[in-house]
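Before any comments, here is the structure.
The values are calculated or read from the model by the stated rules, or taken from the named source; none is laboratory data. The shown structure was predicted, so the numbers you read here are calculated from the model rather than taken from an experiment. Cβ placement follows ideal geometry from the backbone for every residue including glycine, while neighbour counts extend to all protein chains displayed. What goes into the accessible areas is simple: the full protein's heavy atoms, side chains included, and nothing from ligands, DNA or RNA. Shrake-Rupley method; radii C 1.70, N 1.55, O 1.52, S 1.80 Å.
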Amino acid sequence: MDEVLALVGAVLREAGLTRAGIGSLATLEARAAEPGIVAAAAALGVPVRAFPAGELAAVPVPHPSAAPLSATGTASVAEAAALLAAAGAGGERGVLVVPKRKSRSATCALAVSVPFLPNEEAPGVRLLPRTHGYIAGEPGSPPTIPTPHTTAAMDMHTHTDAHDLRHHGDAEVRDEKLIDLAVNVRTNTPPDWLRERIADSLTGLAAYPDGRAARAAVAERHDLPPNRVLLTAGAAEAFVLLARALPVRRPVVVHPQFTEPEAALRDAGHTVGRVVLREEDGFRLDPAAVPEDADLVVIGNPTNPTSVLHPAASVAALARPGRILVVDEAFMDAVPGERESLAGRTDVPGLVVLRSLTKTWGLAGLRIGYALAEPETIAALERAQPLWPVSTPALVAAEACVSRAALAEAEHAAHRIGVERAHLLAGLAEFDEVRTVGGAEGPFVLLRIDGADAVRERLRSLGFAARRGDTFPGLDRNWLRIAVRDRATTNRFLQALDQALLIGG
């Protein structure tokens, strides 16, 4: 019983509810008499509702699993029972507020009753007084109860905290049919002309990749000699190369930002310092906050997830003799005119600029990016690469994406993103519960909502995937990142957000 009650308590806290909000425990008919469930229901003061296996099997669930399917014929007993119990005879429907959460031998999901209002195309949402949860055992599942994180202060300590540095936006949409606001890849990409170029390259797969033409094209695009360019399998590979190839002793990462640089440094055995920018400062860079003895500094611009675009002068002020300054410009081509970019600069000592072609051109599955740096740094990184690290189709894509026509298309897309971002921000400003980071310049916005982790799960039940914020050092469970999409998608999201906030009451 204690394990069951602890799990119920964790789920209720995630939903922002108390035990008083529980209306019943629902379970599989065959498990209704299990002592743990009976005792937990008694302790909570609620009845146990039991459903036949066939009735549960007919309920679609958002998070199906093989183990309960083979044991009971239902892909998620927890979610099916919660949804079925929450659906009422008076026309209410069940909406999953917290999907299944697992302890060692129990699983819990939480659903609420939501009425369908007549004559409404998008039904309004009212939270009824009773909510319904489910507890039961589902074998073979490890604990997945999320751990809350507190907001980090600006410091320079070595960190071993619980931020999941390996969590990325694609995990929010993997294996589920959700409208994707979690991944920052531009929609409706790659364009047809780029698909055709990539498809044509497949006839040459028998030959080993030859990157000379693509390297020269990237160099020309930035008005640099080819020995200042290194093509990589996405910008993420460059972080691994930097961590392994350069003899640094005091690396520092400016957070909140893309977490892969710190993860790569840690994996290479480095002790990593952090400078954590604060919300009260608008997540703006103060170059003086970076310690003088740092010999490797990593910063994003515009920064993921804050969408802050730092002035080029402020970023360049971080450079020092004997220091490598890594600027992740993966989203700079989404900024009109690429203002504040340091790409192509040769007057900044130790500068390494990383670029990605996967975001604007929809090539995340192809893996293509590049590094711009001093020839000695490029040579060191290249020695750490395996042979033929970039495939022939990726090389063809790189050459195509830095052509004059492609750059003009990217510039047009950047202006379009700015218009759609303004529409999203205007919609978010209508919610008293929502606070956005000001001055967003990237293809995404960062917003704060009390209990955003629970709101995120409610959005999932309404069909939208948002990027959780608590995996970024400097942020906690109250933050979400939302990708900029077209107007119709944004309007649908804003309606869903309204419902998710109302459900939380």
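Of all GluC sites (Glu not before Pro) in the stretch 349-457, which ones are in loop regions per DSSP and have a Cβ with at most 10 other Cβ atoms within 10 Å?
Values: sites: Glu376, Glu382, Glu399, Glu409, Glu411, Glu420, Glu430, Glu433, Glu441, Glu457; in loops: Glu430, Glu433, Glu441.
Taking the stretch 349-457 and a limit of 10 other Cβ atoms within 10 Å, the loop GluC sites (Glu not before Pro) found are Glu430.
If DNA, RNA and ligands are ignored and the probe is 1.4 Å, what is the ranking of His63, His255 by accessible area, most exposed first?
So the residues, ranked largest to smallest area, are His63, His255.
Through the Karplus equation 6.51 cos²θ - 1.76 cosθ + 1.60, θ set to phi - 60°, convert the phi angles of the stretch 267-280 into ³J(HN,Hα) values in whole Hz; use x for Gly and Pro.
4, 7, x, 7, 8, 10, x, 10, 10, 9, 6, 10, 4, 5
Report the net charge of residues surrounding Pro302, where surrounding means a beta-carbon distance below 15 angstrom and charges are Lys +1, Arg +1, Asp -1, Glu -1. List each step's numbers first, then the result.
Numbers: positive: Arg186, Arg284, Arg339, Arg355, Lys359, Arg421, Arg481; negative: Asp328, Glu329, Asp333, Glu338, Glu340, Glu441.
My count for the surroundings of Pro302 gives +1.
Given a Förster radius of 25 Å and the C-beta distance between Met1 and Ala67 as r, what FRET efficiency does 1/(1 + (r/R0)^6) yield to the nearest 0.05?
Working: r = 23 Å, r/R0 = 0.92.
Given R0 = 25 Å and the Cβ-Cβ separation, E is 0.65.
Using 0.36 nm per residue, how much length does the chain from Ala313 to Ala58 gain when fully extended, once their Cα-Cα distance is taken away?
Stretched fully, the Ala313-Ala58 segment lengthens by 85.8 nm.
Let's test the formula: R0 of 45 Å, r as the Cβ-Cβ distance of Thr271 and Asn188. What FRET efficiency results, to the nearest 0.05? Let's see the in-between values first.
On the way: r = 43 Å, r/R0 = 0.96.
Efficiency, rounded to the nearest 0.05: 0.55.
Can you give the net charge of the other residues whose Cβ lies under 10 Å from the Cβ of Ser314, counting K and R as +1 and D and E as -1?
-1
Roughly to the nearest percent, how much of the accessible area of the stretch 457-505 is carbon and sulfur, given a 1.4 Å probe?
Its accessible area is 41 percent carbon and sulfur atoms.
For the stretch 387-401, what does the Karplus curve 6.51 cos²θ - 1.76 cosθ + 1.60, with θ = phi - 60°, yield as ³J(HN,Hα) per residue in whole Hz, taken in order and with x for Gly and Pro?
Rounded to whole hertz, the list is 5, 6, x, 10, 6, 4, x, 5, 5, 4, 5, 4, 4, 5, 6.
Given axes a ≥ b ≥ c from the Cα gyration tensor, I'd like to know whether the stretch 268-333 is rounded (a/c under 1.5), prolate (a/b larger than b/c) or oblate.
Taking the square roots of the gyration eigenvalues as a ≥ b ≥ c, the stretch 268-333 is rounded.
At a probe radius of 1.4 Å, what is the per-residue accessible area of Met1, in Å² to the nearest 10?
The value for Met1 is about 100 Å².
Show which lysines lie in cross-link reach of Lys359 when reach means a straight Cα distance below 28 angstrom and same-chain residues fewer than eight apart are skipped.
Candidates past the 8-residue exclusion: Lys177.
Kindly provide the trypsin sites (Lys or Arg not before Pro) of the stretch 194-255 that DSSP labels as loop, not H, G, I, E or B, and whose Cβ sees at most 10 other Cβ atoms within 10 Å.
Hits after loop and neighbour filter: Arg249.
Provide the per-residue ³J(HN,Hα) series for the stretch 192-208, in order, calculated from phi with Karplus coefficients 6.51, -1.76, 1.60 and θ = phi - 60°, each as a whole number of Hz, with x at glycine and proline positions.
Rounded to whole hertz, the list is 4, 5, 6, 4, 5, 4, 5, 4, 5, 6, 5, 6, x, 6, 6, 8, 5.
Amide H neighbours of Val97 under 5 Å, at least 5 residues apart or on other chains, H built in the peptide plane: list them.
Amide H to amide H, under 5 Å and 5 or more residues apart or across chains, Val97 pairs with Leu110, Ala111, Val112.
In nm, what is the difference between 0.36 nm times the number of residues separating Ala30 and Ala213 and their Cα-Cα distance?
My answer for the length gained is 59.2 nm.
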